[in-house]
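Trainee: The structure's right below; bear with me while I get my questions together.
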Amino acid sequence: MSDFRTAAHAAAELVSDYLAGVPAGPVWQPMDPAARQALLDAPLPHTGRELDELLAVIAEQVLPAPMGNGHPRFFGWVNSAPAPAGVLATLAAAAMNPSSAGGDHADVHLERAVVRWIAELVGFPHRPGGGLLTSGTSMATIVCLSAARGRAAARAGHDVRADGLTGLPPLVGYATGETHSCVRKAAELLGLGSRQLRVVPADAEGRIDPGLLRAEIAADRAAGRLPFLVVASAGTVNTGAVDAFEPLADLCAEEQLWLHVDGAYGAFGVLDPAIAHRYAGLDRADSLALDPHKWLGVPVDCGCALVRDPEQLRDTFSLVPSYLRDEEDGGLGWFSEYGIEQTRPFRSLKVWATIAHRGRDGIAADVAHCTRLARRLGGSVAADPALELLAPVDTSIVAFRARPAGLSEAELNALNHALPLAVQRRGRAFVTGTLLGGREAVRACLLNSATSEADLAVLLDEVRCAVDELTIRQ
Ligand SMILES: *Cc1c(COP(=O)(O)O)cnc(C)c1O
């Protein structure tokens with residue numbers, strides 16, 4: 001193991017240098033074609049190499065070509081910089097390398113604790129067993145919607161685990177056009193069919209309109225279908241809009257529907273006192289999916305599924321007959337009885353380290369820093385006649401477009417469609433694009449507490465320069 005120790009010291013130096021160097025480098029740049037090809041064509045090695053040689057390859061061929069999300073001027077999609085404490089924990093977790101399926105070892109108990117911490121951070125009621133870590137929100141959504149499907153089927157006197165959907169009236173769920181695609185994927189995988197996931201029109205602020213929702217539910221019931229699910233968002237991916245949960249929770253209680261909230265990106269926004277009121281009623285949802293690997297900066301991957309009633313999860317996934325269920329561990333049994341994965345990675349250590357390093361107060365301050373900067377950026381965009389803010393800044397996403405004078409809507413769409421890549425290629429800031437109500441938009445997502453107001457000024461400069469490049473070329 002002596003060469004491991006030596007290599008581990010070298011790796012620590014390498015990674016520390018890498019992290020320290022990120023802010024001074026370009027945010028992202030297209031890979032050098034030869035370097036890209038070298039990775040693609042890497043031959044299967046027939047003989048092994050020393051650990052220090054592997055580190056040299058990592059240093060020369062891998063670390064120089066990052067995605068860019070560690071940089072304070074990376075505003076693309078919803079990808080955060082890694083929390084340093086989480087990076088450290090990853091090494092120890094890999095060294096232990098347990099399967100966190102269940103049993104009496106530290107990782108299993110730590111996962112129970114951090115799931116409780118996550119629930120506490122976002123103010124979601126938690127009973128032991130009421131959640132687990134997943135690869136991300138896509139997986140957490142499948143877990144939560146499986147439980148919703150099981151409950152609806154059981155209420156109709158149907159055992160969906162044994163009989164599938166055969167014999168049930170169509171189960172219908174409701175979402176909006178702004179709902180993340182992972183919900184549709186889950187609906188397709190669970191055999192509900194994407195046609196049975198109704199797209200309820202959102203209001204001007206991107207929120208579900210409970211009145212329209214009520215009418216759709218009534219129409220589906222009248223047609224003999226079985227409404228069972230409403231999916232709301234605690235921060236949509238396009239604009240960061242937060243649904244009004246109280247009226248939706250009232251409606252779901254009245255209609256006996258499962259309220260699922262997608263909080264992948266935005267659930268932790270509730271920690272900022274300036275916007276916490278927008279999350280009122282979140283604690284009334286039946287399930288909440290969220291991503292510690294987004295705003296918390298836990299190194300990928302780490303999602304989390306939280307459910308109000310732990311038994312709903314266990315009844316959905318456990319293959320252990322109830323008379324054999326383990327009475328140890330408070331009778332909670334194995335995580336593999338609450339989700340899809342059997343062998344499960346030790347995700348909880350990086351969550352534990354990330355939260356323990358900053359504490360609740362530190363995390364809340366980081367979140368508030370991002371929302372404050374986002375409002376600042378929104379204000380600068382709104383004040384610039386050559387730019388147009390396309391949605392209110394609810395959380396920490398700013399959706400806007402360039403609007404130089406004299407261009408038609410079609411020309412504006414062409415320009416704004418090309419704009420994110422043009423900004424990215426310049427290497428000083430990174431934004432991505434989206435389509436909002438038929439308009440091509442640029443969106444900036446703020447997740448990094450190292451981002452400063454000066455970085456926002458650079459971003460706006462870069463957008464203006466990229467617009468100039470594109471309009472001169474047109
Ligand atoms: C990222 C995201 C998802 C998907 O989560 P993954 O962790 O990528 O699986 C779902 N919903 C929203 C709002 C997101 O931002």
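The values are calculated or read from the model by the stated rules, or taken from the named source; none is laboratory data. Keep in mind the model is a prediction, meaning the values are calculated, not measured. Note that we place each Cβ from the backbone using ideal geometry, even for glycine, and neighbour counts take in every protein chain shown. SASA here: full protein model, heavy atoms, side chains in, ligands and nucleic acids out. Shrake-Rupley method; radii C 1.70, N 1.55, O 1.52, S 1.80 Å.
Trainee: If we count every other residue with Cβ under 14 angstrom of THR6's Cβ, Lys/Arg +1 and Asp/Glu -1, where does the sum land? Can you show the working numbers first?
Mentor: On the way: positive: ARG5; negative: ASP3, GLU13, GLU50, ASP52, GLU53.
Spelling it out: positives minus negatives among the neighbours equals -4.
Trainee: Can you bin the chain into rounded, prolate or oblate? Criterion: square roots of the alpha carbon gyration tensor eigenvalues sorted a ≥ b ≥ c, rounded for a/c under 1.5, prolate for a/b above b/c, oblate for the rest.
Mentor: Values: a/c = 1.84, a/b = 1.12, b/c = 1.65.
Oblate, because a/c is 1.5 or more while a/b does not exceed b/c.
Trainee: Accessible area of the chain with a 1.4 Å probe: how many percent of it is carbon plus sulfur?
Mentor: Reported share for carbon and sulfur atoms: 56 percent.
Trainee: Find the relative contact order for the stretch 349-434 and round it to a whole percent, using C-alpha pairs within less than 8 Å whose residues are 6+ positions apart. Don't skip to the answer; put the middle values down first.
Mentor: Working: 70 pairs, mean separation 13.9, N = 86.
Averaging sequence separation for qualifying contacts and normalising by length gives 16 percent for the stretch 349-434.
Trainee: OK, next. So, for the stretch 90-353, what is the accessible surface per residue at a probe of 1.4 Å, expressed in square angstrom? Mind dumping the intermediate values first?
Mentor: On the way: 10300 Å² over 264 residues.
On a per-residue basis, the stretch 90-353 sits at 39 Å².
Trainee: On to the next question. Compute the length gained on full extension between ALA215 and ILE472: take 0.36 nm times their separation in residues and subtract their Cα-Cα distance, giving the result in nm to one decimal. Mind dumping the intermediate values first?
Mentor: Details: separation 257, 0.36 × 257 = 92.52 nm, distance 5.00 nm.
Result: 87.5 nm gained on full extension.
Trainee: Once you have a ≥ b ≥ c as the square roots of the Cα gyration tensor eigenvalues for the stretch 4-67, tell me rounded if a/c is under 1.5, and otherwise prolate or oblate according to whether a/b is larger than b/c.
Mentor: Details: a/c = 4.14, a/b = 1.08, b/c = 3.83.
Oblate is the answer for the stretch 4-67, as a/c is 1.5 or above yet b/c matches or exceeds a/b.
Trainee: When the label point is put 7 Å from the Cα of GLU188 along its Cα-to-beta-carbon vector, which residues of the stretch 251-267 have a backbone N closer than 20 Å?
Mentor: Of the residues in the stretch 251-267, 262 have backbone N under 20 Å from the label point off GLU188.
Trainee: Between beta-carbons, use under 9 Å as the cut-off and find the net charge around GLY206, counting Lys and Arg +1, Asp and Glu -1. Show your work: numbers first, answer last.
Mentor: Values: positive: ARG207; negative: GLU178, ASP203, GLU205, ASP243, ASP394.
The answer is -4.
Trainee: Report ³J(HN,Hα) in whole Hz for each residue of the stretch 437-450, in order, from the Karplus equation J = 6.51 cos²θ - 1.76 cosθ + 1.60 where θ = phi - 60°; Gly and Pro get x.
Mentor: Once rounded to whole Hz, the list reads x, x, 9, 5, 10, 9, 10, 10, 10, 9, 10, 9, 6, 7.
Trainee: Where in the stretch 61-97 is the amide nitrogen less than 18 Å from a point lying 7 Å along the Cα-to-Cβ axis of SER16?
Mentor: Residues passing the 18 Å test: 83-92.
Trainee: Taking a probe of 1.4 Å, how large is the accessible area per residue of the stretch 391-460, in Å²? List each step's numbers first, then the result.
Mentor: Values: 2510 Å² over 70 residues.
Heavy-atom SASA per residue in the stretch 391-460 reads 36 Å².
Trainee: With just the Cα atoms defining each centre, how far is the stretch 217-243 from the stretch 38-113? Give it in Å.
Mentor: 37 Å
Trainee: With a ≥ b ≥ c the root eigenvalues of the C-alpha gyration tensor of the stretch 90-353, is it rounded (a/c under 1.5), prolate (a/b larger than b/c) or oblate? Walk me through the intermediate numbers first.
Mentor: Values: a/c = 2.03, a/b = 1.27, b/c = 1.60.
Oblate, since a/c reaches 1.5 and b/c is not below a/b.
Trainee: Follow-up question, since we're still on this one. Please calculate the 1.4 Å probe accessible area of LYS185, with all protein chains present, and give it to the nearest 10 Å².
Mentor: 130 Å²
Trainee: Quote to one decimal, in nm, the extra length available between ALA101 and ARG372 on full extension: 0.36 nm per residue of separation minus the C-alpha distance between them.
Mentor: Length difference between fully extended and current span is 93.6 nm.
Trainee: What list of ³J(HN,Hα) values in whole Hz, one per residue of the stretch 418-432 in order, does the Karplus curve 6.51 cos²θ - 1.76 cosθ + 1.60 (θ = phi - 60°) give from phi, with Gly and Pro shown as x?
Mentor: 7, 4, x, 5, 5, 5, 4, 5, 5, x, 9, 7, 9, 10, 10
Trainee: Another question, if that's okay. I'd like the distance separating the alpha-carbon centroids of the stretch 286-319 and the stretch 160-185, in whole Å.
Mentor: Using only Cα atoms to place each centre, the spacing works out to 18 Å.
Trainee: Right, next: Report the normalised scattering of the stretch 295-416 as log10 I(q)/I(0) at q = 0.10, 0.11, 0.14 Å⁻¹, calculated by the Debye formula with identical scatterers on the alpha carbons.
Mentor: -0.61, -0.68, -0.83
Trainee: Okay, next question. I need the calculated FRET efficiency for the pair HIS46 and VAL458, taking r as the beta carbon distance and R₀ as 30 Å, to the nearest 0.05. Write out the running numbers ahead of the final one.
Mentor: Working: r = 48 Å, r/R0 = 1.60.
After rounding to 0.05, the efficiency reads 0.05.
Trainee: Oh, and also: Mind checking the per residue accessible area of the stretch 4-67 for me, 1.4 Å probe, whole number of Å²?
Mentor: On the way: 4820 Å² over 64 residues.
Heavy-atom SASA per residue in the stretch 4-67 reads 75 Å².
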